[in-house]
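J.: One structure, pasted below without further comment.
The values are calculated or read from the model by the stated rules, or taken from the named source; none is laboratory data. Note that this is a predicted model, so its numbers are computed, not measured. Cβ placement follows ideal geometry from the backbone for every residue including glycine, while neighbour counts extend to all protein chains displayed. Accessible surface areas use protein heavy atoms only, side chains included; no ligands, DNA or RNA. Shrake-Rupley method; radii C 1.70, N 1.55, O 1.52, S 1.80 Å.
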Amino acid sequence: MEIVRSQSKPSGPAAVPTIPLYRSAPELEVRLEDFELFAIDRLRVLKGISDGLSRGKKPDEMEKLVSELWRANMKHSISSEVTNKDIISHFVLRLVYCRTEELRKWFLSIETTLFRYRFQRETSDVQRELMAEFELPYKAVGNVEYEGLKDKLSQVARSIGQSLPSNAVFYKVPFEEVPDLVATRKVYIQKGHAYVAMNQVVSLVVTQFRSHLSKALVLTNRKWTSMIREKESDRLTPIVEALATSYLGPDYSQPKEFTEISLKDIDQVAKSSFPLCMRHLFEKLREDHHLKHGGRMQLGLFLKGVGLTLDDALVFWKSEFSRKVGTERFDKEYAYGIRHNYGKEGKRVDYTPYSCQKIISSTPGVGDHHGCPYRHFSEENLRAALGKMGVSSRALEDVIDKARNRHYQLACTLTFEAVHNSSCDAGVNHPNQYFSDSQSILKSKGNSVA
Amino acid sequence: MPGEEEIGRDDMIIDQLQSDFTPINALPDEFNPNYLKLYYGKLFPHADLFRWMSYGTDGKHTGCDQSFFGRREFSFTLDNDIYLRFQSFNSASDMENAIKEKCPFKIDIGAVYSVDPAKRHAYAQAGDNVFTPVERELVFDIDMTDYDDVRYCCSGADVCLDCWPLMTIAIKVLDTSLRDDFGFNHILWVFSGRRGVHCWVCDAKARRLNNEQRAAVADYFRVYKGNENSHRKVSLMGQALHPFLARSYTNVLKDFFERKLLSSQQLLSEERYEKILDMIPDEGITSDLRGKWQDNRRSSMGKEDINIFRWDQLKHLLQSGKQKAPGLRRCVEEIVFSYAYPRIDMEVSKHMNHLLKAPFCVHPKTGRVCVPIDPDRCEEFDPTTVPTLSKLLGEINMGLRTEGDNEWDATSLGQSVRYFRSSFLQPLLKSCKEEIESSYIAKKAQSRNSLSW
């Protein structure tokens with residue numbers, strides 16, 4: 001395929017190195033060992049990026065991280081093979097990560113992030129070339145039109161802390177092509193056109209990359225299930241399946257030992273082992289005898305993960321809600337939702353409890369209490385809440401500091417350590433993990449609530 | 001049916017309203033299936049709903065997709081809270097008969113799916129989700145309860161003419177932006193029947209937006225973030241405001257805030273000004289203002305509303321040009337945005353499969369019809385005088401006849417249906433017809449070209 005060809009020795013005028021777009025599977029021969037090894041190397045990069053994101057690293061830190069990870073893992077002794085390794089490893093991992101919705105989501109998100117940072121580091125010549133390869137037919141804004149819009153464009157630039165360079169180039173693009181720029185109001189839009197600055201072009205390209213990969217993953221899944229898995233059952237399939245299970249890519253949130261908790265213990269257990277986000281929801285529920293939808297989902301699924309049976313869950317929620325809306329309304333309006341969460345209604349999907357990443361990125365509004373307190377609470381409220389949890393004033397300052405610097409999960413980890421008086425090396429990635437770690441510590445100290 | 005408590009205002013006005021309201025609220029059987037049955041029999045604009053939902057595909061043109069209407073999901077909420085999802089109909093008469101027969105308390109409109117919703121199970125077996133939404137209007141839902149922390153006249157389900165301007169603001173800001181910024185033309189605003197408004201953007205481009213793109217539009221409109229747990233909920237950093245926000249402030253928010261909300265909500269009264277002072281991150285200024293305001297407790301400045309007087313003092317201090325601190329730069333705007341800027345329900349807009357109540361339904365709790373609102377005249381809209389089911393049926397009983405065969409023409413509903421047709425439906429269908437024709441021509445040209453080799 002053409003990309004591979006152009007990567008061979010730079011002969012004649014300097015060949016512009018480009019990032020492969022993984023449009024179609026390469027017709028390359030690869031040794032079976034490399035099949036696995038290349039994939040593992042790339043997986044290290046992806047996992048590293050995923051970790052960086054959950055730790056709330058800022059964009060410039062991520063940029064450094066990505067280039068370090070890439071340099072450390074994706075090199076090859078033969079320089080002309082570097083791009084091949086890139087391409088092959090990507091396609092192998094597609095096989096591994098195409099198989100469920102959750103895997104696809106994770107892979108898509110991390111590969112897109114990887115692409116974004118690699119793209120940003122390229123020169124504008126290379127960027128323009130890549131844009132052309134994506135067949136983005138967007139024209140640069142002509143002078144006359146530009147003069148007419150200059151004021152507004154300048155206003156937008158200033159609103160995001162930038163200024164309009166004197167030789168600014170803008171692209172005119174349908175607004176739906178750049179959703180993230182529109183969402184954050186980083187572009188001027190008029191009559192459905194978004195005016196995108198050169199330095200924002202990344203967004204255009206990344207959106208294309210993402211949408212293409214998303215479709216490709218679904219197709220790969222179909223091909224895998226319908227023919228490849230069977231055909232390769234002696235050769236590639238075992239490798240692919242081993243890669244999937246030996247490596248914990250996305251957050252697998254189902255607790256490994258399924259211990260039930262009973263209703264009579266729930267208040268006690270909430271105080272001792274719930275992470276702050278769930279404690280807050282729990283307390284608000286006890287206080288107001290109500291929670292809005294976002295809160296019901298976040299807390300409800302957490303409780304399911306913690307071992308609350310459907311019957312107990314119905315009793316629990318009913319006992320609270322009926323005090324506000326009455327038992328009849330509860331049965332009519334809320335019971336269905338709880339049963340839905342347990343996979344007993346509708347699509348019958350057994351929904352998994354939300355991970356920290358999902359909770360952190362939620363957007364609680366008026367009357368809501370879900371979300372991540374380390375992110376969504378004001379500092380005073382956070383202090384008060386931590387104080388109530390019994391976090392000592394010294395540890396509290398550390399926690400607040402982490403939260404202030406947007407390291408929400410680290411803040412939660414420090415809280416865990418302060419409350420339990422022991423270290424938590426793995427860090428907090430999931431509220432249910434916080435809970436089970438807490439329970440095991442308490443059990444070992446002989447104070448458990450089974 | 002819980003009686004609607006009237007909001008506390010001037011005594012005189014309460015009495016007047018009470019006499020307007022009493023006949024409606026006093027009848028416990030005001031909203032009942034029989035009234036509703038008559039409504040669906042004589043007044044509900046079935047044919048117009050069908051024509052709208054068909055988007056021109058009910059025409060004779062060869063390019064028309066005959067399956068289009070049948071792939072739309074409707075849902076019915078029946079008496080006893082029985083909820084029927086995935087209803088679909090193959091023709092106008094099918095839909096009309098179903099509505100008349102089932103007499104739903106609420107009709108919701110969902111998405112157009114890849115296959116007939118009633119037959120979705122047949123396709124689910126194929127494994128990879130072939131039952132999926134393919135088109136759906138871009139919709140917005142603005143509900144007064146989302147403003148409960150900034151309105152004092154009512155709370156919860158109540159709505160009055162003091163807080164309704166918040167909806168007027170929302171319509172003006174969003175309608176302008178949807179047209180000028182996003183280039184949409186076919187926009188329908190509808191009264192939700194009790195305490196809010198819905199917006200339906202029906203351009204073809206809007207209908208084809210995916211979830212991510214819808215979320216982007218909703219985020220573009222979002223300013224207010226947070227709740228009682230977080231601190232400052234409106235944060236307008238940056239050297240300048242985005243042109244959309246600046247225009248909204250200058251053309252709509254500022255005036256409404258200063259000329260209506262400040263006084264009708266008594267925002268700077270004794271009991272309430274602390275909340276605004278809380279938004280100013282400068283102790284010096286807040287204590288200065290507090291001092292001033294405790295001094296002039298008794299309105300000694302004659303006729304001027306004390307809220308307006310205090311607001312002027314506040315603006316003077318914050319905008320005097322001596323303020324360089326970044327947190328203060330836009331404090332005045334932030335306060336205005338907090339109290340007035342539209343608050344949309346993000347979840348409603350983000351998902352293609354989200355169901356939304358159909359226009360011309362009757363709200364079971366108020367008996368009012370969900371009538372369209374003309375955005376160009378939204379300042380005149382009064383939620384307390386929207387026709388109710390019993391009023392309309394009374395008008396029918398009076399037996400006024402019109403030339404047309406439309407019963408609604410002789411009632412207060414006539415105005416709404418006529419507006420719906422002339423200002424929304426006709427222009428929309430005209431543009432749909434043009435689109436069907438031109439895409440048909442384009443397809444033919446394409447197939448001709450591809451054969452030519």
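J.: Report the charge-dipole magnitude of chain B in Debye, nearest 20, computed about the Cα centre from +1 at each Lys and Arg Cβ and -1 at each Asp and Glu Cβ.
T.: The calculation lands at about 1480 debye.
J.: Charges only on Cβ, +1 for Lys and Arg, -1 for Asp and Glu: so what's the dipole of the protein assembly as shown about the Cα centre, in debye to the nearest 20? Each step should come with its number before you reach the end.
T.: Values: 124 positive and 124 negative charges, 389 e Å.
Its charge dipole is roughly 1860 debye.
J.: For B:Ala111, enumerate residues with amide H under 5 Å from its amide H, sequence gap 5+ or separate chain, H modeled in the peptide plane.
T.: The answer is B:Glu73.
J.: A further question follows. Output the Kirkwood hydrodynamic radius of chain A, Cα pairs only, in Å rounded to one decimal.
T.: Numbers: mean 1/r = 0.0397 Å⁻¹.
Roughly 25.2 Å, rounded to one decimal.
J.: May I ask you to order A:53-63, A:330-340 by the average number of other C-beta atoms within 10 Å around their residues, highest value first?
T.: Details: A:53-63: 14.6, A:330-340: 16.4.
Going by the mean number of other Cβ atoms within 10 Å, highest first, we get A:330-340, A:53-63.
J.: With each pseudo-label sitting 7 Å past Cα toward Cβ, what's the B:Glu380-A:Arg394 distance in nm, one decimal?
T.: Going from the B:Glu380 label point to the A:Arg394 one covers 7.2 nm.
J.: What percentages, rounded to whole numbers, describe P(r) for region A:136-200 computed over all alpha carbon pairs with 10 Å bin width beginning at zero?
T.: 22, 61, 17
J.: Next question. Which distance in nm do the two modelled labels at B:Asp312 and A:Lys64 give, with both placed 7 Å along the Cα-to-Cβ direction?
T.: 5.5
J.: Quickly estimate the mean residue ellipticity at 222 nm for chain A, helices only: each DSSP H run with n ≥ 4 gives -39500 (n - 2.57), and the total goes over all residues, rounded to 500. Kindly include the intermediate steps, with their values, before the conclusion.
T.: Working: 21 runs with 263 residues, N = 450.
So the calculated ellipticity at 222 nm is -18500 deg cm²/dmol.
J.: Right, something else. As an exercise, use a Förster radius of 51 Å and the Cβ-Cβ distance of B:Ser67 and A:Tyr146 to find the FRET efficiency, rounded to the nearest 0.05.
T.: Efficiency for this residue pair is about 0.65.
J.: To the nearest 0.05, how large is the calculated FRET efficiency for A:Glu230 and A:Arg348 if R₀ is 41 Å and r is the Cβ-Cβ distance? It would help to have the intermediate numbers written out before the result.
T.: Numbers: r = 28 Å, r/R0 = 0.67.
With a Förster radius of 41 Å, E is 0.90.
J.: Calculated FRET efficiency, A:Glu379 and B:His121, Cβ-Cβ r, R0 60 Å, to nearest 0.05? Don't jump to the answer; show the numbers that get you there.
T.: Numbers: r = 52 Å, r/R0 = 0.86.
Plugging the Cβ-Cβ distance into 1/(1 + (r/R0)^6) gives 0.70.
J.: Which whole number gives the average, over all residues in A:173-185, of C-beta atoms from other chains lying within 10 Å of the residue C-beta? Before the final figure, lay out each step's value.
T.: On the way: counts 0, 2, 9, 11, 1, 2, 11, 4, 2, 8, 10, 4, 11.
Mean shielding count: 6.
J.: Starting from the Cα-Cα distance between B:Arg208 and B:Asn353, subtract it from 0.36 nm times their residue separation and give me the gain in nm to one decimal.
T.: Working: separation 145, 0.36 × 145 = 52.20 nm, distance 1.24 nm.
Going from the current span to full extension adds 51.0 nm.
J.: While we're here: Name the residue farthest towards the positive end of the dipole of the protein assembly as shown from the options A:His430, B:Met95, A:Phe119, assuming +1 on Cβ of Lys and Arg, -1 on Cβ of Asp and Glu, about the Cα centre.
T.: With unit charges placed on the Cβ atoms, the residue in question is A:Phe119.
J.: State the answer as a single residue: which of B:Ser177, A:Leu69, B:Ala157 lies farthest towards the positive end of the charge dipole of the protein assembly as shown, with beta carbon charges of +1 for Lys and Arg and -1 for Asp and Glu, about the Cα centre.
T.: Farthest along the dipole direction, towards plus: A:Leu69.
J.: To the nearest 10 Å², what's B:Tyr35's accessible area with a 1.4 Å probe?
T.: My reading of the accessible area for B:Tyr35 is about 60 Å².
J.: Next question, about the same structure. Using 0.36 nm per residue, how much length does the chain from A:Arg121 to A:Ser166 gain when fully extended, once their Cα-Cα distance is taken away? Write down the numbers at each step before the final one.
T.: Working: separation 45, 0.36 × 45 = 16.20 nm, distance 2.27 nm.
Gain on stretching A:Arg121 to A:Ser166: 13.9 nm.
J.: Mind checking the angle between helix A:59-73 and chain A's longest principal axis? C-alpha axes, 0 to 90 degrees, to the nearest 10.
T.: Compared with the principal axis, the helix lies near 70 degrees.
J.: If you average 1/r across every pair of different Cα atoms in the protein assembly as shown and take the reciprocal, what Kirkwood value do you get, in Å?
T.: On the way: mean 1/r = 0.0322 Å⁻¹.
That comes to 31.1 Å for the protein assembly as shown.
J.: How much of the accessible area of the protein assembly as shown, probe 1.4 Å, is carbon plus sulfur, in whole percent? List each step's numbers first, then the result.
T.: On the way: 21250 of 43100 Å².
Its accessible area is 49 percent carbon and sulfur atoms.
J.: Using label points projected 7 Å from each Cα along Cα→Cβ, tell me how many nm separate A:Ser77 and A:Lys324, to one decimal.
T.: It works out to 6.6 nm between the two label points.
J.: If you don't mind, another one. For chain B, take the longest principal axis of its alpha carbons; what is the angle in degrees between that and the long axis of helix B:33-42, to the nearest 10 within 0 to 90?
T.: 60
J.: Now a separate question. Per residue, what volume in Å³ does the Cα convex hull of region A:263-444 take up? Spell out each step's value before the answer.
T.: On the way: hull volume 21.4 nm³, N = 182.
In region A:263-444, the Cα hull volume divided by residue count equals 118 Å³.
J.: Tell me the angle of helix B:331-340 to the major Cα principal axis of chain B, expressed in degrees between 0 and 90 and rounded to the nearest ten.
T.: Result, in degrees: 50.
J.: Enter the mean number of other protein chain beta carbons within 10 Å of the beta carbon of each residue in B:233-240, as an integer.
T.: On the way: counts 3, 0, 0, 1, 3, 9, 8, 8.
Taking all residues of B:233-240 together, the mean is 4.
J.: Using a 1.4 angstrom probe, figure out how much accessible area region B:331-453 has per residue, in square angstrom, rounded to the nearest whole.
T.: On the way: 6020 Å² over 123 residues.
That works out to 49 Å² per residue.
J.: Projected onto the charge dipole of region A:263-444 (+1 at Lys/Arg Cβ, -1 at Asp/Glu Cβ, origin at the Cα centre), which of A:His290, A:Gly346, A:Asn381 gives the Cα projection farthest towards the positive end?
T.: Result: A:Gly346, furthest along the dipole toward the positive end.
J.: What is the mean number of Cβ atoms from other protein chains located within 10 Å of the Cβ atom of each residue in peptide B:210-222, rounded to a whole number? Mind showing how you got there, number by number?
T.: Numbers: counts 3, 1, 7, 8, 2, 4, 9, 5, 1, 7, 9, 2, 4.
If you average over the peptide's residues, the count of other-chain Cβ atoms is 5.
J.: Another question, if that's okay. For region A:87-225, what are Rg and Dmax over the alpha carbons, in angstrom?
T.: 17.4, 55
J.: How do B:137-148, B:68-79 rank on mean C-beta neighbours within 10 Å, highest first? Could the numbers behind the result be given before it?
T.: Values: B:137-148: 21.5, B:68-79: 19.0.
Per-residue mean Cβ counts within 10 Å order the peptides as B:137-148, B:68-79.
J.: Where the Cα atoms of chain B are projected onto their three principal axes, how long is each span, largest first, in whole Å?
T.: Taking max minus min along each principal axis of the Cα atoms, chain B gives 79, 66, 42 Å.
J.: State to the nearest 20 debye the size of the charge dipole of chain A about its Cα centre, where the only charges are +1 on K and R beta carbons and -1 on D and E beta carbons. Could the numbers behind the result be given before it?
T.: On the way: 65 positive and 57 negative charges, 133 e Å.
It comes to approximately 640 debye.
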